[in-house]
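**Student:** Please see the structure below; I have some questions.
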Amino acid sequence: MDIVRNPAEVQSQCLSWREEKLRIALVPTMGFFHAGHESLMMEGRRRSDRLVVSLFVNPAQFGPDEDLDRYPRDPEQDIRTAERLGADILFMPEAGDMYAADHAAWVEVPDLSASLCGCSRPAHFRGVATVVAKLFHLVVPHIALFGQKDWQQLVIVRRMARDLAFPVEIIGLPIVREMDGLALSSRNAYLSPDERRQAPHLYKGLELARTMVIQGITDTAFLREAIRRHWAENFSLGREDYLSFVHPENLRPVERISGATLVAAAMFTLRARLIDNVFINP
Ligand code: AMP
């Protein structure tokens, strides 16, 4: 595995792979790898001839009061993981190599970025879309793999790739969870022991809604109340950021569940902000 820091070097290597007709997979990450990242790398490896993993804590997707400076990092361990999973390149650029001091071009998908996580993180998806577009130009991947944990990110990247005609297939993979249901996240490292004990209830509340839909309840106001009651009883250390029932692709709110629906939520703890979602298709 090559560790490459220089964007131009990654681009020239990947372009020459393209000329050799080799199939390239890209897995964009911010590092501090866990089994969720590993599942993307494994699938990328399986579906391609060359696997590029990027590890870049992208400043543009953090708000001014967010956790950029304390975002968990363990490059040594991440290098070992990427190598073990068969990456051909681990691309670890410096912020200054990705953003010139006078960087001025941005990619936005406003329709899909204003709701859900976009409410409390207004510039977040602009930062995501821009860095992913840039990675697509550098790596020219045939496929790019993303986790459904960040569902909104996945639909934004998919729309961007389609609308801007990037020659890449976007693949979304299921959420990898701890045994107790908590979605794996680098930010779980911020949880106190008590918060960690309660945190699986973020997911359990959402699952409760799925069960109720199977039982025939389709009124989202009613479902929302049930989820909030579950959280109030079991996740007292969490504070709701949002809880939304939306169409899985256009992210528009759903009032009565009649087809595929995404139940998505974010919860603040003292130092973390956790997100999760479940997909319901009655
Ligand atoms: P991050 O390093 O947090 O930016 O995540 C990099 C990629 O891993 C994104 O596509 C995430 O959606 C994905 N990912 C993060 N956590 C999980 C998880 N628990 N299960 C599946 N994919 C995940």
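**Student:** Relative contact order of the range 85-183, please, whole-number percent, based on alpha carbon pairs below 8 angstrom and at least 6 residues apart.
**Tutor:** On the way: 86 pairs, mean separation 23.8, N = 99.
Once divided by the residue count of the range 85-183, the mean separation gives 24 percent.
**Student:** Select from Leu182, His230, Tyr99 the residue farthest towards the positive end of the dipole of the chain; place +1 on Cβ of Lys and Arg, -1 on Cβ of Asp and Glu, and compute about the Cα centre.
**Tutor:** Of Leu182, His230, Tyr99, it is His230.
**Student:** Given labels modelled 7 Å from the Cα in the Cβ direction, how far is it in nm from Asn234 to Asp111?
**Tutor:** The answer from the label model is 3.7 nm.
**Student:** If you don't mind, there's one more thing I want to ask. From the backbone phi of the range 131-137, what are the Karplus-calculated ³J(HN,Hα) couplings (6.51 cos²θ - 1.76 cosθ + 1.60, θ = phi - 60°) in whole Hz, Gly and Pro given as x?
**Tutor:** 5, 5, 4, 5, 4, 5, 5
**Student:** At 222 nm, what helix-only mean residue ellipticity would the chain give, in deg cm²/dmol to the nearest 500, using -39500 (n - 2.57) for each DSSP H run of four or more? Working shown, then result.
**Tutor:** Working: 11 runs with 112 residues, N = 282.
Computed mean residue ellipticity for the chain: -11500 deg cm²/dmol.
**Student:** A further question on this structure: Describe numerically, in nm with one decimal, the distance between label points set 7 Å from Cα along Cα→Cβ at Gln215 and at Cys119.
**Tutor:** 2.6
**Student:** Roughly what angle does helix 35-46 make with the longest principal axis of the chain, taking Cα atoms, 0 to 90 degrees, to the nearest 10?
**Tutor:** 50
**Student:** In terms of modelled amide H atoms, which long-range or inter-chain residues lie less than 5 Å from the amide H of Val4?
**Tutor:** Distant-sequence amide H within range of Val4: Leu90, Phe91, Met92.
**Student:** Please turn the phi angles of the range 244-257 into ³J(HN,Hα) values with the Karplus equation 6.51 cos²θ - 1.76 cosθ + 1.60 (θ = phi - 60°), one per residue in order, whole Hz, x for glycine and proline.
**Tutor:** Working through the residues one at a time gives 9, 10, 9, 5, x, 9, 9, 6, 6, x, 10, 9, 10, 7 Hz.
**Student:** Using the Cα centre of the range 150-282 as the reference point, and only Cβ charges (+1 on K/R, -1 on D/E), how large is the resulting charge dipole? Debye, rounded to the nearest 20. Don't jump to the answer; show the numbers that get you there.
**Tutor:** Details: 17 positive and 16 negative charges, 25 e Å.
That gives a dipole near 120 debye.
**Student:** Quick one: if the Förster radius is 45 Å, what FRET efficiency do Asn6 and Arg197 give, using the C-beta to C-beta distance and rounding to 0.05? Before the final figure, lay out the partial values.
**Tutor:** Numbers: r = 44 Å, r/R0 = 0.98.
The computed FRET efficiency comes out at 0.55.
**Student:** Another question about this same structure. Quick one: helix 200-214 against the long Cα principal axis of the chain, what's the angle to the nearest 10°, folded into 0 to 90?
**Tutor:** Taking the Cα atoms of the chain, the angle to 200-214 is about 70 degrees.
**Student:** To continue, here is another question. Charges only on Cβ, +1 for Lys and Arg, -1 for Asp and Glu: so what's the dipole of the chain about the Cα centre, in debye to the nearest 20? It would help to have the intermediate numbers written out before the result.
**Tutor:** Values: 33 positive and 37 negative charges, 122 e Å.
Approximately 580 debye in magnitude.
**Student:** Okay, moving on. Given a Förster distance of 22 angstrom, what is the FRET efficiency for Ala165 paired with Arg80, based on the Cβ-Cβ distance and rounded to 0.05?
**Tutor:** Details: r = 37 Å, r/R0 = 1.68.
My answer for the efficiency is 0.05.
**Student:** For Lys149, give me every one of the lysines with a C-alpha distance below 28 angstrom, ignoring sequence neighbours fewer than eight places off in its own chain.
**Tutor:** List returned: Lys134, Lys204.
**Student:** How large is ³J(HN,Hα), in whole Hz, for each residue of the range 159-175 in order, when computed from phi with the Karplus curve 6.51 cos²θ - 1.76 cosθ + 1.60 and θ = phi - 60°, using x for Gly and Pro?
**Tutor:** My calculation for the range 159-175 gives 5, 4, 4, 5, 5, 9, 6, 5, x, 9, 9, 9, 10, x, 10, x, 5 Hz in order.
**Student:** Return a whole-number percent for the relative contact order of the chain, with Cα pairs under 8 Å and 6 or more residues apart as the contact set.
**Tutor:** Numbers: 513 pairs, mean separation 49.1, N = 282.
Over the chain, the number comes to 17 percent.
**Student:** Would you calculate the separation in nanometres between label points at Glu255 and Leu270, each defined as 7 Å from the Cα along the Cα-to-beta-carbon direction?
**Tutor:** 4.2
**Student:** Of the peptides 143-151, 122-130, how do they stack up when ordered by the mean number of other Cβ atoms within 10 Å, highest first? Please list the in-between numbers first.
**Tutor:** On the way: 143-151: 22.2, 122-130: 20.3.
The most tightly packed comes first, giving 143-151, 122-130.
**Student:** I want to make sure I understand the PRE zone here: with the label point 7 angstrom from the Cα of Ser16 toward its beta carbon, which residues in the range 129-170 have backbone N atoms less than 15 Å away?
**Tutor:** none
**Student:** To the nearest 10 degrees, how steeply does helix 75-84 sit against the main Cα axis of the chain, on a 0 to 90 scale?
**Tutor:** 80
**Student:** Within the range 9-37, what residues put their amide N at less than 14 Å from the label point 7 Å along the Cα-to-Cβ vector of Asp49?
**Tutor:** 14-25
**Student:** Antiparallel versus total DSSP beta bridges in the chain: what percent is that, nearest 5? Working shown, then result.
**Tutor:** Numbers: 18 of 37 bridges.
Of the beta bridges lying entirely in the chain, close to 50 percent run antiparallel.
**Student:** Within straight cross-link reach of Lys21, meaning Cα distance under 19 Å, which aspartates and glutamates are found once same-chain residues fewer than 8 apart are removed?
**Tutor:** Here the aspartates and glutamates satisfying the reach criterion relative to Lys21 are Glu9, Asp49, Asp88, Glu169.
**Student:** GNM, the chain, Cα, under 10 Å: largest mean-square fluctuation among Leu164, Leu138, Leu40?
**Tutor:** Leu164
Computed from the coordinates by the stated procedures, all read-outs in this text should not be read as laboratory data. This one's a predicted model, so the numbers in the text were calculated from it and none came from an experiment. Don't worry about glycine lacking a Cβ; one is built from the backbone with ideal geometry, like all the others, and counts go over all protein chains shown.
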